[in-house]
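Q: Dropping a structure here in structure tokens format, bear with me for questions.
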Ligand code: THU
């Protein structure tokens, strides 16, 4: 696992906060920002984007990953999910599956809020025994 330094976590938290300010969440009013570090050391961010057709909503985590792909970065090393909720926001089930695609199982995902609370999980803790690209390779 790549060790992420404290300074890198705080940069990620700041970017996730930036994402949070851009959230488009007029239906739930639940604003989420996310920021990810790429293998080459860049940071990409995202926010949730809702839709009047509610089911088309895309979470901050998946929009953040889409930004990485657009930037040509497919290997991600850490992510922060930022909300201004007292209870930290963990990634939803759909996002966990998408995280597995682009992060090592040992990579850390942090939930953070405006109160300075933080919790970290490995990707493997979030989705053990995941279905991965390797499962598509038939022998
Ligand atoms: N949401 C995220 O962006 N990430 C999560 O991990 C949890 C949920 C968004 C989706 C929706 O816009 C709002 O939060 C309420 O579910």
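Q: In nanometres, what is the gap between the two model label sites at residue 87 and residue 57, each 7 Å from Cα along Cα-to-Cβ?
A: Placing both labels 7 Å along Cα→Cβ, they lie 1.5 nm apart.
Q: How many angstrom separate the Cα center of the stretch 1-66 from the Cα center of the stretch 105-139?
A: Answer, in whole Å: 15.
Q: Ok, one more. Which of rounded, prolate, oblate describes the stretch 92-139, given a ≥ b ≥ c as roots of the alpha-carbon gyration tensor eigenvalues and a/c under 1.5 marking rounded, otherwise prolate only if a/b is larger than b/c?
A: Since a/c reaches 1.5 and a/b is larger than b/c, the shape of the stretch 92-139 is classed as prolate.
Q: So how do 5, 74 line up by other beta-carbon neighbours within 10 Å, fewest first?
A: With the sparsest Cβ surroundings first, the list reads 5, 74.
Q: For the chain, what is the mean residue ellipticity at 222 nm derived from helices alone (per DSSP H run of n ≥ 4: -39500 (n - 2.57); sum divided by total residues; nearest 500 deg cm²/dmol)?
A: Rounded to the nearest 500, the figure is -8500 deg cm²/dmol.
Q: Moving on. Label residue 21 and residue 122 with points 7 Å out from Cα along Cα→Cβ: what is the distance between them in nm?
A: If labels sit at residue 21 and residue 122, their model points lie 3.6 nm apart.
Q: Separate question: Using a 10 Å cut-off around each Cβ, can you sort 110, 79 from fewest to most neighbouring Cβ atoms?
A: 110, 79
Q: When only Cα pairs under 8 Å and 6 or more residues apart are kept, what is the percent relative contact order across the stretch 1-133?
A: Relative CO of the stretch 1-133 lands at 20 percent.
Q: Within the stretch 10-24, what residues put their amide N at less than 19 Å from the label point 7 Å along the Cα-to-Cβ vector of residue 66?
A: Hits in the stretch 10-24 for residue 66 at 19 Å: 16-24.
Q: Classify the chain as rounded, prolate or oblate, taking a ≥ b ≥ c as the square roots of the eigenvalues of its Cα gyration tensor: rounded when a/c is under 1.5, otherwise prolate if a/b is larger than b/c and oblate if not.
A: In terms of gyration-tensor shape, oblate.
Q: How do 136, 127 rank when sorted from fewest to most other Cβ atoms within 10 Å of their own Cβ?
A: Going from least to most buried by this count: 136, 127.
The numbers here are math on the coordinates, done by the rules we state, and not lab data. Note that the structure is predicted; figures quoted are calculated from it, not measured. Counting neighbours? That spans all protein chains shown, and the Cβs are built from the backbone with ideal geometry, glycine included.
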